[in-house]
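Asker: Take a look at the following structure, please.
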């Protein structure tokens, strides 16, 4: 071999060594007898092993001394083919290890080159995905369990994360007697959540009493809440009366719309919560009561405290565990399961088998539902009993659903004439459905009866 050829060979070997050394993946090379002949610095980084300790060592020796847990090299020498395995190193790194044999002319393994790729981040990602999947499965099971919880004729639907987390918290606090404050718009489902807490509590077999604080006249509140003795005042019932607190003793009392409670009664309620006792009107003795309090409101109590219309001490006494039920417009994912649940409920109640079309559901989904779940339930009951066919379509829905949704994105791409035609159709069908009379329907729409008949025939 000439000097030039030799120089080129040396240069190529040097270049190859540089390539191996600068590789991001770890490279581990042994001869055909598993003796270590080359290790790059990336292998040190990934494994945490010092190549000076490894150089010249036989792979069998390293495995025996537990320096390396499993050897791709030995597997290659045994099977005489490429071997890939996962390895966990003491450094905490996880790697994908691939051993590749290189044969001489006699088909003997001359060398084994092992590529070690750091997949620690990938493994962590897999673990997170697995954990997430496991959590999702738990959530799925919980959703199924929660959705089976029936309170009266209502189902708890928790398809969105916010509602699910709220019910998870409600389930945890149900087991202790701490006071719970439930916030939410009218019809959002505050009472359903309260009933759920009661059903999951240790008091579930004890009395459950709901009182609407806004429905009791102020002059009757004290007697309603605390009761009175025989002859306490003119018009009092003979034998006296047991109040709400005494009736709820050992059980749970839901103070609905607590924000409507007048200041004068707030003082008396605070005393009951602090002392755990009541005094009937006309009595000089105190009665001990053991009542778990759940309060609910659609008002901003914190703002009311600032305005002086709600006592600060009572607010903090009630607001121990606040739960906020989001309005239906902010948890759209619950609309479909709620629709399905109410369809099932009313089909069973009225002996029907109604379904809802995709077109009709689209309008229900786009509607803002100012009356929340209660409005949805009432609307579905209405259309189920009034729709003439087994499939509920958009023409069976009341007009205000379209008035609300026609400002939405569902009408992007429609021409003005088609949009006008759609509105006209819905108004005609709904007017006739309402009156079952052409003249009255035409009168409502402000058109001639003959025009009404002509237009109605157009859309039938």
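Asker: How many residues does region 433-460 contain that are closer than 23 Å to residue 382 by Cβ and not in a helix (DSSP H, G or I)?
Answerer: Adding up the residues that qualify gives 3.
Asker: Run down 197, 216, 182 and say which single residue is in the same structural domain as residue 268 (by TED's automatic domain parsing), touching a helix residue (DSSP H, G or I) at 6+ places or on another chain (Cβ under 8 Å), surrounded by 15 or more Cβ atoms within 10 Å (Cβ to Cβ) and free of Cβ contacts under 8 Å to residues at least 12 places away in the same chain.
Answerer: Working: 197 fails: free of Cβ contacts under 8 Å to residues at least 12 places away in the same chain; 182 fails: free of Cβ contacts under 8 Å to residues at least 12 places away in the same chain.
Exactly one of 197, 216, 182 is in the same structural domain as residue 268 (by TED's automatic domain parsing), touching a helix residue (DSSP H, G or I) at 6+ places or on another chain (Cβ under 8 Å), surrounded by 15 or more Cβ atoms within 10 Å (Cβ to Cβ) and free of Cβ contacts under 8 Å to residues at least 12 places away in the same chain, namely 216.
Asker: Next question, about the same structure. Here is a check on your reading of the model: is residue 189 surrounded by 20 or more Cβ atoms within 10 Å (Cβ to Cβ), modelled with pLDDT under 90, closer than 30 Å to residue 328 by Cα and in contact with a helix residue (DSSP H, G or I) (Cβ under 7 Å, 6 or more places away or on another chain)? So that I can check it myself, show each step before the final result.
Answerer: Working: surrounded by 20 or more Cβ atoms within 10 Å (Cβ to Cβ): yes; modelled with pLDDT under 90: yes; closer than 30 Å to residue 328 by Cα: yes; in contact with a helix residue (DSSP H, G or I) (Cβ under 7 Å, 6 or more places away or on another chain): yes.
Yes.
Asker: Would you be able to say whether some residue in region 325-339 is in contact with a strand residue (DSSP E or B) (Cβ under 8 Å, 6 or more places away or on another chain), under 30 Å from residue 296 (Cα atoms), in a loop (DSSP other than H, G, I, E, B) and modelled with pLDDT of 90 or more?
Answerer: yes
Asker: Here are some residues: 73, 30. Which one is surrounded by 17 or more Cβ atoms within 10 Å (Cβ to Cβ), outside any helix (DSSP H, G or I) and modelled with pLDDT of 90 or more? Walk me through how you get there before you give the answer.
Answerer: Details: 73 fails: outside any helix (DSSP H, G or I).
One residue alone meets the criteria, 30.
Asker: Moving on to the next point. So residue 176 ticks every box in (1) within 27 Å of the chain's Cα centre (by Cα); (2) more than 25 Å from residue 308 (Cβ to Cβ); (3) crowded, with 16+ Cβ neighbours inside 10 Å but one. Which box is left unticked?
Answerer: Against the list (1) within 27 Å of the chain's Cα centre (by Cα); (2) more than 25 Å from residue 308 (Cβ to Cβ); (3) crowded, with 16+ Cβ neighbours inside 10 Å, residue 176 comes up short only on (3).
Asker: Which condition number in (1) surrounded by 16 or more Cβ atoms within 10 Å (Cβ to Cβ); (2) in contact with a helix residue (DSSP H, G or I) (Cβ under 9 Å, 6 or more places away or on another chain); (3) under 18 Å from residue 177 (Cα atoms) is the one that residue 273 fails?
Answerer: (1)
Asker: Check 232, 248 and return the single one that is in the same structural domain as residue 178 (by TED's automatic domain parsing), free of Cβ contacts under 8 Å to residues at least 60 places away in the same chain and under 35 Å from the mean Cα position of the chain (by Cα). I'd like the intermediate steps shown before the answer.
Answerer: Values: 232 fails: under 35 Å from the mean Cα position of the chain (by Cα).
None of the others qualify; the one that does is 248.
Asker: Now a separate question. Please work out if residue 375 is touching a strand residue (DSSP E or B) at 6+ places or on another chain (Cβ under 7 Å), surrounded by fewer than 17 Cβ atoms within 10 Å (Cβ to Cβ) and touching a residue at least 12 places away in the same chain (Cβ under 8 Å). Break it down stepwise before answering.
Answerer: Values: touching a strand residue (DSSP E or B) at 6+ places or on another chain (Cβ under 7 Å): no; surrounded by fewer than 17 Cβ atoms within 10 Å (Cβ to Cβ): yes; touching a residue at least 12 places away in the same chain (Cβ under 8 Å): yes.
Spelling it out, it is not the case that residue 375 is touching a strand residue (DSSP E or B) at 6+ places or on another chain (Cβ under 7 Å), surrounded by fewer than 17 Cβ atoms within 10 Å (Cβ to Cβ) and touching a residue at least 12 places away in the same chain (Cβ under 8 Å).
Asker: State all residues of region 384-426 that are under 27 Å from residue 350 (Cα atoms) and either modelled with pLDDT under 65 or over 34 Å from the mean Cα position of the chain (by Cα) (or both); if no residue qualifies, say none.
Answerer: Listed by number, the residues that qualify are 388, 389, 426.
Asker: Go through region 222-248 and report how many residues are in a loop (DSSP other than H, G, I, E, B), at pLDDT 90 or above and out of contact with any helix residue (DSSP H, G or I) (no Cβ under 8 Å at 6 or more places or on another chain).
Answerer: Residues meeting the conditions: 1.
Asker: Sticking with this structure for a sec: Return yes or no: is residue 66 at pLDDT below 85, surrounded by fewer than 16 Cβ atoms within 10 Å (Cβ to Cβ) and part of a strand (DSSP E or B)? If you could, list the steps in order and put the result at the bottom.
Answerer: Details: at pLDDT below 85: yes; surrounded by fewer than 16 Cβ atoms within 10 Å (Cβ to Cβ): yes; part of a strand (DSSP E or B): no.
Here the answer is no, as residue 66 does not meet what is asked.
Asker: Turning to a different aspect of this structure: Could you please let me know if residue 348 is outside any strand (DSSP E or B) and either buried (at least 17 other Cβ atoms within 10 Å of the Cβ) or not assigned by TED's automatic domain parsing to the domain that holds residue 174 (or both)?
Answerer: Details: outside any strand (DSSP E or B): yes; either buried (at least 17 other Cβ atoms within 10 Å of the Cβ) or not assigned by TED's automatic domain parsing to the domain that holds residue 174 (or both): yes.
Against the criterion (outside any strand (DSSP E or B) and either buried (at least 17 other Cβ atoms within 10 Å of the Cβ) or not assigned by TED's automatic domain parsing to the domain that holds residue 174 (or both)), residue 348 qualifies.
Asker: Quick one: which of 253, 168 is at pLDDT below 90 and under 30 Å from residue 369 (Cα atoms)? Step through it out loud before you land on a result.
Answerer: Numbers: 253 fails: at pLDDT below 90.
None of the others qualify; the one that does is 168.
Asker: If residue 318 satisfies every condition in (1) surrounded by fewer than 16 Cβ atoms within 10 Å (Cβ to Cβ); (2) assigned by TED's automatic domain parsing to the domain that holds residue 238; (3) closer than 20 Å to residue 185 by Cα but one, which is the exception?
Answerer: Answer for residue 318: the failing condition is (1).
Asker: Is it the case that residue 42 is surrounded by 10 or more Cβ atoms within 10 Å (Cβ to Cβ), in a helix (DSSP H, G or I) and modelled with pLDDT of 85 or more? Talk me through it step by step, then tell me what you get.
Answerer: Values: surrounded by 10 or more Cβ atoms within 10 Å (Cβ to Cβ): yes; in a helix (DSSP H, G or I): yes; modelled with pLDDT of 85 or more: yes.
Yes.
The values are calculated or read from the model by the stated rules, or taken from the named source; none is laboratory data. What you are looking at is a predicted structure, and each value in this text was computed from that prediction instead of being measured. Using ideal geometry, Cβ is built from the backbone for each residue, glycine included, and neighbour counts are taken over all protein chains shown.
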